[in-house]
Amino acid sequence: MARRGRPPLPPGQGKLYSMNMRVTRELRAHIVEGAKASGRSMASEVEHRLEMSYRDSDWGAEIAAAVRKEVKELKRLMRERDGKRL
């Protein structure tokens, strides 16, 4: 017997959930402008920008850790060169 209803989503794609929200006129204008420029719907533009903000925050933590590691190594090299403790 054939399966009835909507076909299952492809692997890796999950169900999308509705999320209603209010924004200022200025923010809406930015969203409209960004959606037009990217060729996305307003909803897709908001979703994309939210995803990027979370991706960027994870990326920022990785960059900060790498910078701390480099600073630590530079201090070590300067101590070796100068014989001083920083």
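The values are calculated or read from the model by the stated rules, or taken from the named source; none is laboratory data. Everything numeric here is computed off the predicted structure, so don't read it as measured data. We place every Cβ from the backbone using ideal geometry, glycine too, and count neighbours over all the protein chains shown.
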Q. Which of the residues belonging to segment 36-52 are loosely packed, with under 10 Cβ neighbours inside 10 Å and assigned to a helix (DSSP H, G or I)?
A. A37
Q.
Among the listed residues R55, R22, R28, identify the single one that is modelled with pLDDT of 85 or more and exposed (fewer than 12 other Cβ atoms within 10 Å of the Cβ).
A. R22
**Q.** L16 being surrounded by 11 or more Cβ atoms within 10 Å (Cβ to Cβ) and aliphatic (A, V, I, L, M)
**A.** no
Q) Only one of (1) under 24 Å from S18 (Cα atoms); (2) without any contact (Cβ under 8 Å) to a residue 12 or more places away in the chain is not met by V46, so which one is it? A) (2)
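Can you tell me which residues in segment 49-86 are of a type in the set (A, V, I, L, M), more than 25 Å from M19 (Cβ to Cβ) and within 22 Å of the chain's Cα centre (by Cα)?
Residues satisfying the conditions are A61, I63, A64, A65, A66, V67.
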